[in-house]
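Input: a single structure, listed below in structure tokens.
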Amino acid sequence: MTQSNGQVQGQSAFQSQAQTAGIHHITAFVRDPQVTSDFYAGVLGLRLVKKTINFDAPEVYHLYFGDQAGSPGTIITFFPWKDSRKGVIGAGQVGITTYVVPDGSLGFWRERLARLGVEAQESERFGEQYLGFADPDGLRGEIVARAEGANSEWSFGGVPADQAIKGFGGAVLFSGAPESTGKLLENVMGLTKVGEDVGYVRYRSFGDLGNIIDVNATAMAAGHGGHGTVHHIAWRAKDDAEHALWRSHVAASGYQPTPIVDRQYFNALYFREEGGILFEIATDPPGFARDEEPEHLGETLMLPEWYEKNRAEIEALLTPFTVRELEGN
Ligand code: ZN
């Protein structure tokens, strides 16, 4: 058999069985790096695993928070854009980011959010209890407790590792075309439809973090981008070889993926789905220890090689901030 036949067979086998493990990362717009760090590290207890810049706009930070390593499925990332307009959460976006904590930890988080002045709303869907909240920019998050998924090894600001956020439980997608988005999740991304409850259709992937995706069952008003909204959701590809197969698979399924771009800590491709949500597919490797020691992740402003010569000018444009514990935690 020729090599090209082997490649074609590999591609068609992939297309019939393609499955992402789940969410790799979610990226959102905020205003202020200190405010964002005080919430995601100070309140939620996540680790700042990388302090870098938006490679397409080097005057803006790109901040990555996650578990101790910034493992795929745990990474919430931010572009703090000081003078950005306020966004509106609605169709065409990830509406709610779901964080998962160990079974039995919801009471800890209920008490902690109340003590730190974060208003929480309790709700239930698919038989699970959720604590919903808004971050200081209005981004919607929620906490759910589940047994699946490894505990975080990170402990910060009064959050012991055994109660800490493990990563994403998943996300709630607000789609402008929920049926199409659901078909994409099932037929292209390889998720399985679970059922419907309280206005949401649930899909599940095989991973144990970032694996449960709820989509609005009926039409909703469109959102628009700006601070306090999610920019995109990235799904996992296990390596560069699988990433290339994903690109062909997405294109063959009728979407227009971008070329593969180097994001230093993963490779990425992007496409817009019919519901208006920007999807990315990102590789698990190389991860955040590629340019910093695991014990020192997030401590230094890291720039890709092509920006190092401009380090002084870039640093002058960025507002310094510190990852700090909050009083009263
Ligand atoms: Zn991304």
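Name, by its number, the condition in (1) of a type in the set (S, T, N, Q); (2) more than 16 Å from the ligand (Cβ to nearest atom); (3) within 22 Å of the chain's Cα centre (by Cα) that does not hold for residue 229. All conditions are met except number (2). Take the conditions (1) within 12 Å of the ligand (Cβ to nearest atom); (2) crowded, with 23+ Cβ neighbours inside 10 Å; (3) hydrophobic (A, V, I, L, M, F, W, C); residue 261 misses just one of them, which is (2). Selection of first residues in region 11-34 that are at pLDDT below 95 and of second residues that are open to solvent by 40 Å² or more (accessible area, probe 1.4 Å), restricted to Cβ pairs under 7 Å at least 6 apart or on distinct chains, gives the following pairs, ordered by first then second residue: 11/245; 11/248; 14/245; 15/252. Within region 268-288, if we keep just the residues that are within 11 Å of residue 93 (Cα to Cα) and open to solvent by 10 Å² or more (accessible area, probe 1.4 Å), the residue that is farthest from the ligand (Cβ to nearest atom) turns out to be 276.
Matching residues to (1) open to solvent by 20 Å² or more (accessible area, probe 1.4 Å); (2) away from the ligand (no atom under 16 Å from the Cβ):
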residue	(1), (2)
80	no, no
87	no, yes
90	no, yes
94	no, no
104	yes, yes
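Scanning region 19-60 for residues being part of a strand (DSSP E or B) and within 12 Å of the ligand (Cβ to nearest atom) gives a total of 7. Does residue 73 count as away from the ligand (no atom under 16 Å from the Cβ) and open to solvent by less than 10 Å² (accessible area, probe 1.4 Å)? Judged against the criteria, residue 73 is not a match. The condition (being over 27 Å from residue 304 (Cβ atoms) and assigned to a loop (DSSP other than H, G, I, E, B)) is satisfied by just one residue among 214, 208: 208.
Checking 247, 236 one by one, the residue that is open to solvent by 10 Å² or more (accessible area, probe 1.4 Å), within 16 Å of the ligand (Cβ to nearest atom) and assigned to a helix (DSSP H, G or I) is 247 and no other.
The values are calculated or read from the model by the stated rules, or taken from the named source; none is laboratory data. All values derive from a computational prediction rather than experimental measurement. Quick reminder, even Gly has a Cβ in these numbers, built from the backbone with ideal geometry, and neighbours come from all protein chains shown. Accessible surface areas use protein heavy atoms only, side chains included; no ligands, DNA or RNA. Shrake-Rupley method; radii C 1.70, N 1.55, O 1.52, S 1.80 Å.
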